[in-house]
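The values are calculated or read from the model by the stated rules, or taken from the named source; none is laboratory data. Worth saying up front: this structure is predicted, and the values here are computed from it rather than measured. Neighbour counts are summed over all protein chains in view; Cβ atoms, including those assigned to glycine, are modelled from backbone coordinates with ideal geometry.
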Amino acid sequence: MRIIIALIFFSISDWCIAQSDSVFLFSYFKNNGKDGLHLAYSQDGLKWTALKNDQSFLKPVLSKDSLMRDPCIVRGADNKFHMVWTVSWNQRGIGYASSNDLINWSEQQYIPVMHHEDSARNCWAPEIS
């Protein structure tokens, strides 16, 4: 199981899962990307606790493969969380969704970032900053 995807630091005052008001957040996938978005938190960056009993926060619906691999999440200037991910083994686009709270997500969008490149095989492990 591959788990290193994205690491962000955020406030969790609404979740009440730790004594401090800030933690490290880790996004990851399971089941080769079929299971969707998973999140874990840590207060020290060494010991991690899966959130939601290690259940998916968002199930993939894009592409014929229905994958959500390599989720990358950043908090934007608009204070929203923006996520991109790998949607397929062989499509030339990526997935995108946003959230105000990491629990409720916008409709998933397919972004055809490499459709203009005929020789491209896929789009893999997208990152945003």
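Answer yes if at least one residue in the stretch 53-62 is polar (S, T, N, Q), surrounded by fewer than 17 Cβ atoms within 10 Å (Cβ to Cβ) and at pLDDT 95 or above, and no otherwise. Before the answer, list the steps.
Taking the stretch 53-62 first, the residues polar (S, T, N, Q) are 53, 55-56.
With surrounded by fewer than 17 Cβ atoms within 10 Å (Cβ to Cβ) added as a condition, the list becomes 53, 55.
Still in the list and also at pLDDT 95 or above: 53, 55.
Yes, because at least one residue in the stretch 53-62 is polar (S, T, N, Q), surrounded by fewer than 17 Cβ atoms within 10 Å (Cβ to Cβ) and at pLDDT 95 or above.
Under the condition of being in contact (Cβ under 8 Å) with a residue 60 or more places away in the chain and in a loop (DSSP other than H, G, I, E, B), which residue from the stretch 72-104 is farthest from LEU58 (Cα to Cα)?
ASP101
Which ranges mark the strands (runs of 3 or more DSSP E) fully within the stretch 1-43 that have 1 or more residues being within 17 Å of the chain's Cα centre (by Cα) and modelled with pLDDT of 50 or more? Spell out how you get there, then give the answer.
On the way: elements: 6-11, 22-28, 38-42.
Strands (runs of 3 or more DSSP E) meeting the threshold: 22-28, 38-42.
Taking the condition of being touching a residue at least 24 places away in the same chain (Cβ under 8 Å) and loosely packed, with under 14 Cβ neighbours inside 10 Å, how many residues in the stretch 110-119 meet it?
So the count comes out to 1.
Checking ARG121 against (1) assigned to a loop (DSSP other than H, G, I, E, B); (2) under 17 Å from VAL74 (Cα atoms); (3) out of contact with any Asp or Glu (no Cβ under 9 Å at 6 or more places or on another chain), which single condition isn't satisfied?
Result: ARG121 fails condition (2) only.
Condition first: under 25 Å from HIS115 (Cβ atoms), under 10 Å from the mean Cα position of the chain (by Cα) and assigned to a loop (DSSP other than H, G, I, E, B). Now tell me which residues in the stretch 55-71 satisfy that. Break it down into steps so the answer makes sense when it comes.
Step one: list which residues in the stretch 55-71 are under 25 Å from HIS115 (Cβ atoms), which gives 58-71.
Right, trim to under 10 Å from the mean Cα position of the chain (by Cα) and you get 58, 68-71.
Correct list: MET68 only.
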